[in-house]
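Notes for the one structure printed next.
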Amino acid sequence: MAYLLEAVLNSSEKDDLRDFIKYLRQADNAYLLRNEILQAYELFCADVGQSADALRTSRLGKLVYAIQEVILDADSLCFIVRPQIARHETYRLHDDLSYEPLDRPELLDIRDRLVDQYRPDDGDVFEIDFGPFYDYSPMIRDAKNIGRGVRFLNRYLSSKLFQDPAQWLSALYKFLRLHRYNETVLLINERICDQRQLSDQVKTAISFTRELPPTKPYEDFRADLQALGFEPGWGNTAARIHETLEILDELIDSPDDEGLEEFLSRIPLIFRIVLVSVHGWFAQTGVLGRPDTSGQVVYVLDQARALEQQLQQDIQLAGLASLEIQPKVVILTRLIPESEGTSCHERLEKVENADNAWILRVPFRDFGGGRTQGWISRHEIWPYLETFAIDAEKQLFAELDSRPDLIVGNYADGNLVAFLLARRLKVTQFAIAHALEKPKYLFSNLYWQDLEDSYHFSAHFTADLIAMNAANCVISSTYQEIAGRRDSVGQYESYESFTMPGLYHVLKGIELYSPKFNIVPPGVDETIFFSYLKAFQRSSAQTERLEQTLFHLDHPYQTFGQLEDASKRPIFALGRMDHSKNMSGLVECFALSPELQAKCNLILVTTKIMLPDAMGYEEQEEIERIYELIDRYELQGKLRWLGIQFSRSDCGEVYRIIAEHQGLFVQPALFEPFGLTALEAMASGLPTFATEFGGPIEIIQDNQNGFHINPTQLEGMAQKMLDFVNRCDHNPQNWARISAAAIARVQSTYTWKNHTRRLLSLARIYGFWNYTSKEEREDMLRYIESLFYLLYKPRARELL
């Protein structure tokens, strides 16, 4: 991006740059982020009389809009430019407008001095650098392909098969030869002695199966295939086995990426899966809305059910049904003896609507060796995770009768436990973050020492670095979660380089261009969240009960406000009372538009409505603000507010009732990592307005199957909703069109069927990659272990 700076310095705008720097120096602090930089530039342009169009089109404007951060020194400024997604450049600009590029260590030193200006400049700082370990692995080149790692990896592996067929065919042969279920050998037996014989016997088996009736069951000719060297696992019928063998034959003779993925996706490699979700309350009733749970419990339970169903189908298609193989999914979490009426004190709990999916709870050991009794915040659990992993390993062997085939972690704590287990058991590890903590709290790494007593970010961020680098595959729900957008940094991208002053510098914390990153969005439970038009799936008694609750129930502690005209179109929102969920912002948006109030009612469903029930300052502040807005704007009769925690079944019907009233759903979050409630509303047929900050920007195609809103521009939000309502009043087909498009969007892209198929396909492919590259990975894993024992453990122990 030096060319942008050169363009300004070599033009008449050079003086404008010097004047703009003076505006930046008027700021209250020395560290300015993008919004503050743009606000300063808008003030500067207004003062010098530039038009709004000139803001972006001038040379200076183009430079300013590329700047992400500015750090002000006495006689210079440092600025970080993001020329494209997942790329950064840093420069120091002096008062005389001379400049030079800065490398990462220099930038991190500058950031350190913001926190401690008297820090001695002796270079005595611990540096973490994962960069060299990624130098030896294949790497994506184009930013638009970030998050499509498996596609790239398939091409890489198939090219290796083509370039060095003997070596890679040998690796494939050994990989297939490994697999068995308990004592049952799968895929190939000892009659096939090497890769060359594998190639010959595949062709023989293809000729044999070609002559069989396509629907002939595998069991009818199992002995014939065993004589050729092939054990169960190739298919359940002659046609299926013939197809699988032909894919392998083509892969051996002329490898390509699609053939490799299709072949590995067909063979039965996975029977036992462990999903790790450590913190918070994990149960099936009475836990949602409690601290540290919310949507994570729903996500993992839905995923467990869908994975078990998909594994059962895969086993059937692979011809293993006669072997009585039962797939098993275990959700590993912590046991909480003081469970407060939930089932969190039970060691084992069967997952509802599943055949062989279970919640396995293992207690935390305290520093004296006894069990911890009560709930522990996610910010406080770091000292317990290593012993939890050791104890969990024994419990998992007891439940699975073997080691698992795949371990999937959730959040920083679950991912750290997944790493510890996968390292000891030598199995494939996947990491899912849902939402990373560092970008959630502004300057949380820079001022970590001020926040350490409350949040313990030193252990948390170190755990993130360990887990995301150790994982064979990192699953994200959206692209922006990894690499952001042109004007915003991604969550994982924020870990690429940062400092924790006085503790360490991260020169390279994660490689965004690594093929380990894959976008696999979650799904919606279609048995609960389905179209309001499917009357045959709905219960009239449930509908009537919830209709009364939404519009008429009067309860002193659970409802506030009666609607003057319940026939008006409802604007509906549902969420926790967190500042980030911005429910009070939606109330103010509604309050600022008398036109919207004339046409619509606002119905809010939140976890709390009473101040005595608030858990923490954030909830208290949100509740107080909503009551203050209701009084200030006289919203009585136009707003209804419910503090009710609906069951999931009831929640699905609530969406459908709002849809029957031709309403709309609003998700006004200041930032939403994914946007599951938006998907649930869309699946029910509700036109949805969701924040443009986070995952909904990828879920919703604006003006096609929903609408993007900027939750910081309240009047603009109100106007966008009002415009839609006016169009619907003029032509009701406008509402029906968006409703139908929303349903179609979810059904085509966001189903658990799609999610689990993709996840299991990835697990097989990365399992093969893990096997073939295990020697190269060992160096990184040793480095990670060093960070765990020398850096993470001492920080975690300090909590005790």
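The values are calculated or read from the model by the stated rules, or taken from the named source; none is laboratory data. Predicted model only: the values in this text are computed from it and were never measured. Cβ atoms come from the backbone with ideal geometry, glycine included; neighbour counts cover every protein chain shown. Surface areas here come from the heavy atoms of the whole protein model, side chains and all, with no ligands, DNA or RNA. Shrake-Rupley method; radii C 1.70, N 1.55, O 1.52, S 1.80 Å.
Annotations
- Candidates Q636, Q645, Q713, filtered to the one that is within 30 Å of V520 (Cα to Cα), surrounded by fewer than 24 Cβ atoms within 10 Å (Cβ to Cβ) and out of contact with any Asp or Glu (no Cβ under 8 Å at 6 or more places or on another chain): Q645
- Some residue of segment 521-536 being closer than 30 Å to D142 by Cα and in contact with a helix residue (DSSP H, G or I) (Cβ under 6 Å, 6 or more places away or on another chain): yes
- For segment 141-160, a residue qualifies if it is under 23 Å from E778 (Cβ atoms) and either of a type outside the set (V, I, T) or assigned to a loop (DSSP other than H, G, I, E, B) (or both), and the qualifying residues are G149, F152, L153, Y156, L157, K160.
- Count - residues of segment 1-45 that are closer than 15 Å to A74 by Cα, assigned to a loop (DSSP other than H, G, I, E, B) and in contact (Cβ under 8 Å) with a residue 60 or more places away in the chain: 1
- Selection from segment 189-215 of residues that are open to solvent by 60 Å² or more (accessible area, probe 1.4 Å) and either on the phi > 0 side of the Ramachandran plot or not in a helix (DSSP H, G or I) (or both): E190, R191, C193, D194, E211, P213, P214, T215
- Residue count for segment 770-800, restricted to those that are open to solvent by 60 Å² or more (accessible area, probe 1.4 Å) and either touching a strand residue (DSSP E or B) at 6+ places or on another chain (Cβ under 8 Å) or not charged (D, E, K, R) (or both): 3
- Matching option when the condition is in contact with a Leu (Cβ under 7 Å, 6 or more places away or on another chain), closer than 30 Å to W448 by Cα and either open to solvent by 40 Å² or more (accessible area, probe 1.4 Å) or at pLDDT 95 or above (or both), among G509, G502: G509
- Qualifying positions in segment 65-88 - aliphatic (A, V, I, L, M) and either in a strand (DSSP E or B) or buried (at least 20 other Cβ atoms within 10 Å of the Cβ) (or both): A66, I67, V70, I71, L72, L77, I80, V81, I85
- Among residues of segment 707-723 that are closer than 16 Å to P570 by Cβ, those with a Cβ under 7 angstrom from a residue that is part of a helix (DSSP H, G or I) and open to solvent by 60 Å² or more (accessible area, probe 1.4 Å), sequence gap 6+ or separate chain, pair up as L722/E595.
- For D257, the criteria (1) among the acidic types (D, E); (2) touching a residue at least 60 places away in the same chain (Cβ under 8 Å); (3) surrounded by 20 or more Cβ atoms within 10 Å (Cβ to Cβ) hold in every case but one, which is (3).
- Residue tally, condition in a helix (DSSP H, G or I) and either buried (at least 16 other Cβ atoms within 10 Å of the Cβ) or hydroxyl-bearing (S, T, Y) (or both), over segment 166-188: 9
- Scope segment 89-116; condition of a type in the set (S, T, N, Q) and either open to solvent by less than 10 Å² (accessible area, probe 1.4 Å) or not in a strand (DSSP E or B) (or both); matching residues: S98
- When the helices (runs of 4 or more DSSP H) confined to segment 387-497 are screened for residues that are within 16 Å of the chain's Cα centre (by Cα) and either surrounded by 18 or more Cβ atoms within 10 Å (Cβ to Cβ) or free of Cβ contacts under 8 Å to residues at least 40 places away in the same chain (or both), those reaching at least 2 such residues are found at 411-425, 457-470, 479-483.
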